[in-house]
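Only one structure is covered here, and it is reproduced in the block below.
The values are calculated or read from the model by the stated rules, or taken from the named source; none is laboratory data. Just so we're clear, the structure is a prediction, and the values are computed from it rather than from any experiment. Reconstructed Cβ throughout: ideal geometry from the backbone, glycine too, with neighbour counts over all protein chains shown.
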Amino acid sequence: MERVPTGIPGLDELIQGGFLVGSSILVAGGAGCGKTIFAMQYVYKGAELYKDPGIYITIEEGPKNIWWNMTSFKWNIAKYQQEGLIKIYRMNLRDPKTFVKDFETEIGRIKDMVSEIDARRLVIDSTTSFAIFMSEQSEIRYNLFKLVDETKKLDVTTVLTAETFGGRDQFSRFGVEDFITDGVIGLYFRPPMRALLVKKMRGTAHDPKPHPLIIGPNGMEVKPQEQILWDALK
Ligand SMILES: Nc1ncnc2c1ncn2[C@@H]1O[C@H](COP(=O)(O)OP(=O)(O)OP(=O)(O)O)[C@@H](O)[C@H]1O
Ligand SMILES: [Mg+2]
């Protein structure tokens, strides 16, 4: 089966070479654990190393944070935007009152963008901020399901992020994100240590252990040969 290399050095070794084409992967973790860097690196390295067209969707976060992450790593995202390989788009969801209609429109826009650049990679960062437009848990769950379902209909491999409270057993905020996606990757920050765990990867004999995660000048990388004890993530 065809796989999409993640662009995160060391990670592909843990998951038989990459994400299955067409799958949806949740990257979950507490504040500042590296979810946005992971997601941006997936799209950026996809363009740089594999010439894969990619789309990065943010929901509430302004492009500023993305810009900071870029300058922090000296990634030349603008170059690939100009070449039409990368698109960054902020979902236009402002008013909870018009959410249902706006959501439909925005999903339509994502579909258009995907076919426009023939995208192979898609990011939605984050599914948690998406929920601020809804008050009922059932409504949140329904719409998260719909979002993942719609991305699965597209011919792309999708990375979605979810903000948790950072606990080692937490992989979602609303209790559904990790069930409706095909893969789940947990990121942890226990200062000064960072770790990554592949919690689930459908169709893949994945590594079951937490591994050191390093964020440096070239982005993030995983140390597949070294492991972190589960107890250290308490
Ligand atoms: N160049 C760098 N070198 C080392 N660490 C860095 C670098 N740039 C950013 N970081 C670390 O990455 C963290 C931010 O990561 P990121 O924005 O991906 O987290 P996040 O999980 O998306 O957080 P949030 O839940 O707030 O959205 C910073 O707090 C900092 O610790
Ligand atoms: Mg983030």
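Return the residue satisfying two criteria in turn: it lies in region 56-96 and is modelled with pLDDT under 90 and more than 16 Å from ligand 1 (Cβ to nearest atom), and of such residues it is surrounded by the most Cβ atoms within 10 Å (Cβ to Cβ). By that ranking, first place goes to 93. Quick check on residue 151: is it closer than 30 Å to residue 139 by Cα and not basic (Lys, Arg)? It is true that residue 151 is closer than 30 Å to residue 139 by Cα and not basic (Lys, Arg). Take the residues in region 25-55 that are among the aromatic types (Phe, Trp, Tyr) and within 14 Å of the chain's Cα centre (by Cα), then tell me which one is nearest to residue 12 (Cα to Cα). Restricting to residues being among the aromatic types (Phe, Trp, Tyr) and within 14 Å of the chain's Cα centre (by Cα), the top hit is 42. Within region 206-233, being small (Gly, Ala, Ser) and over 14 Å from residue 190 (Cβ atoms) holds for 216, 219.
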